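Report on the following structure.
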Amino acid sequence: MAIQKIHHVAYRCRDTKETVEWYKKYLEMDFILAIAENSVPSTKEPDPYMHIFLDAGAGNILAFFEIPNSPPMGRDPNTPTWVQHLALEVETEQEMMAAKRKLESDGIEVIGPTNHTIFKSIYFRDPSGHRLELAVNTGTEEMAKRLDAVKWEMLDEWDKTKKAPNHAQWMHQQEFE
C-alpha cells in the first residue's frame, strides 16, 4: 500500500459558519462542502453534526465538525498549548507578513515571525482556539541534505536519552540566520 495524500484533516469547531467565514477572510480558503447528519455513519450513534470542508490548496482539505450536543470543547491538559497545531505553507515571506498584518489589525494575537533556519513562521489561533502556523520555506538544498544525513542518528540518540541531540546544532549558528 502507498498512501496517495491526506484526504482531509478534521478538527472540532464551536461554530461552523463562524469557522467558514474566518478561514475565508484570513487564510483565503474556499468553502467546498458541507455534510450534516443526525447520526454518525461509522458508529450509528444518534449525534447530530455539521461537517464542513475547506480548500487548503494543492488538493489538501481542512475539515471541521460542529457537534452541539457534546460538552464544550477542551484540550489535553497534559500537553503544552504550543504542541498541537496545524502548519500551513505559504509561498513567500511577503504573503506571510501580509497575513500577520491582517490578523493583527483585527486584534488577533500573532507570535513571530520565528526563524527556524529552514523555514520562518508565524503562530495564531482560530476562533475555536486551534493553534495555526503559517510557514514559508527558507532552507537550501545543502541544509536539507545535512539534516537528512543525521535524522536516524538523532532519532536513535533521542530514543535512548530523551535529550536533544546536537547533530544539527549548526542550524542555530549565525551564518544561517
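The values are calculated or read from the model by the stated rules, or taken from the named source; none is laboratory data. Quick caveat, the model's predicted, so the values are computed rather than measured. Note that we place each Cβ from the backbone using ideal geometry, even for glycine, and neighbour counts take in every protein chain shown.
If only residues of the stretch 35-80 that are among the β-branched types (Val, Ile, Thr) and under 18 Å from the mean Cα position of the chain (by Cα) are counted, the one that is surrounded by the fewest Cβ atoms within 10 Å (Cβ to Cβ) is THR79. Checking each residue of the stretch 48-57 against the condition of being touching a Ser or Thr at 6+ places or on another chain (Cβ under 7 Å), in the same structural domain as GLY129 (by TED's automatic domain parsing) and not in a helix (DSSP H, G or I) gives no match.
Listed here are the residues, each with its yes/no results for (1) modelled with pLDDT of 95 or more; (2) of a type in the set (Ser, Thr, Tyr); (3) touching a strand residue (DSSP E or B) at 6+ places or on another chain (Cβ under 6 Å).
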residue: PRO77; (1), (2), (3): no, no, no
residue: GLU95; (1), (2), (3): yes, no, no
residue: GLU109; (1), (2), (3): yes, no, no
residue: GLU133; (1), (2), (3): yes, no, yes
residue: ASN137; (1), (2), (3): yes, no, yes
residue: GLU141; (1), (2), (3): yes, no, no
residue: TRP152; (1), (2), (3): yes, no, no
residue: GLN174; (1), (2), (3): no, no, no
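Looking at THR19, THR43, can you tell me which residue is more than 28 Å from ALA168 (Cβ to Cβ), polar (S, T, N, Q) and assigned to a helix (DSSP H, G or I)? If you could, list the steps in order and put the result at the bottom.
Working: THR43 fails: assigned to a helix (DSSP H, G or I).
When all the criteria are applied, what remains is THR19.
Taken together, ILE32, ILE52, ILE3, ILE61 contain a single residue that is without any contact (Cβ under 8 Å) to a residue 24 or more places away in the chain and not polar (S, T, N, Q), which is ILE3. Pairs are defined by a Cβ separation below 8 Å, a sequence spacing of at least 6 or placement on different chains, a first member in the stretch 6-28 that is charged (D, E, K, R), and a second member that is at pLDDT below 95; the pairs so defined are ARG12/MET73; ARG14/PRO72; ARG14/MET73.
With the structure loaded, tell me whether VAL20 is at pLDDT below 95, farther than 15 Å from LEU88 by Cβ and in contact with a strand residue (DSSP E or B) (Cβ under 9 Å, 6 or more places away or on another chain) or whether it fails that test. So VAL20 does not fit the description; no.
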